[in-house]
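The values are calculated or read from the model by the stated rules, or taken from the named source; none is laboratory data. Predicted, not measured: the structure shown is a model, and the values here were computed from it. For neighbour counting, all protein chains shown are included, and Cβ atoms are generated from backbone atoms with ideal geometry for every residue, glycine included. All accessible areas refer to the heavy atoms of the entire protein, side chains included, with ligands and DNA or RNA removed. Shrake-Rupley method; radii C 1.70, N 1.55, O 1.52, S 1.80 Å.
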Amino acid sequence: MKITNLENGNISIVTPYNKEFVDRIKKLGGRWNASDKAWEIDGRSIEAVRKVMREVYGRDDRPQELVDVRVTIGKYPLYEVCGPVTLFGKIIASAFGRDSGAKVGEGVVILSGGIESGGSRKNWETIVLPG
């Protein structure tokens, strides 16, 4: 995740896709810049943006000490409809459609089990399999 100061007094925000973040950044006045693939908002809102980032992703753009976490998915898969599966504010896996397959999140290692996509065309799912 990255926040960059722009010459016009705005800031540019790059984050992984998360529906909750999108809804909340829009409420703060954020606008999507499709050419830069980033959100833009008045620079005076930086602390409000960082607060939303911490609440949605578990961290903001500033460097942080990281820890390793090992999670075992029980007998039922974890899934998210039309979005990524997140744990501890981290994207574990993300798909973009029913037939897209899923990709593992940045900094995540799958030791057993697996990830896939599924569901219906309109209500596709990102799925993290048991293990």
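Here are the numbers for this structure:
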{"quantity": "Candidate set: the range 78-100, residues that are part of a loop (DSSP other than H, G, I, E, B) and touching a helix residue (DSSP H, G or I) at 6+ places or on another chain (Cβ under 8 Å); chosen: the one least open to solvent (accessible area, probe 1.4 Å)", "calculated": "Gly83"}
{"quantity": "The range 98-115 residues that are at positive phi, paired with ones that are of a type in the set (Gly, Ala, Ser) (beta carbon under 7 Å, 6 or more apart)", "calculated": "Gly101/Ala95; Gly101/Ser117; Gly113/Gly131"}
{"quantity": "Candidate set: the range 49-64, residues that are open to solvent by less than 40 Å² (accessible area, probe 1.4 Å) and of a type outside the set (Val, Ile, Thr); chosen: the one farthest from Gly9 (Cα to Cα)", "calculated": "Tyr57"}
{"quantity": "Only listed residue being in a strand (DSSP E or B) and farther than 13 Å from Met1 by Cβ, chosen from Glu20, Glu47, Glu125", "calculated": "Glu125"}
{"quantity": "Residue among Glu55, Glu20 that is in contact with a helix residue (DSSP H, G or I) (Cβ under 6 Å, 6 or more places away or on another chain) and acidic (Asp, Glu)", "calculated": "Glu20"}
{"quantity": "Lone unmet requirement of (1) of a type in the set (Lys, Arg); (2) assigned to a strand (DSSP E or B); (3) within 23 Å of Arg24 (Cα to Cα) for Lys103", "calculated": "(3)"}
{"quantity": "The range 116-131 - residue that is buried (at least 19 other Cβ atoms within 10 Å of the Cβ) and touching a residue at least 24 places away in the same chain (Cβ under 8 Å) and, of those, nearest to the chain's Cα centre (by Cα)", "calculated": "Thr126"}
{"quantity": "Residue within the range 69-77 that is closer than 30 Å to Arg121 by Cβ, open to solvent by 40 Å² or more (accessible area, probe 1.4 Å) and within 14 Å of the chain's Cα centre (by Cα) present", "calculated": "no"}
{"quantity": "Number of the exception - Ser112 against (1) under 17 Å from the mean Cα position of the chain (by Cα); (2) within 18 Å of Gly131 (Cα to Cα); (3) not in a strand (DSSP E or B)", "calculated": "(1)"}
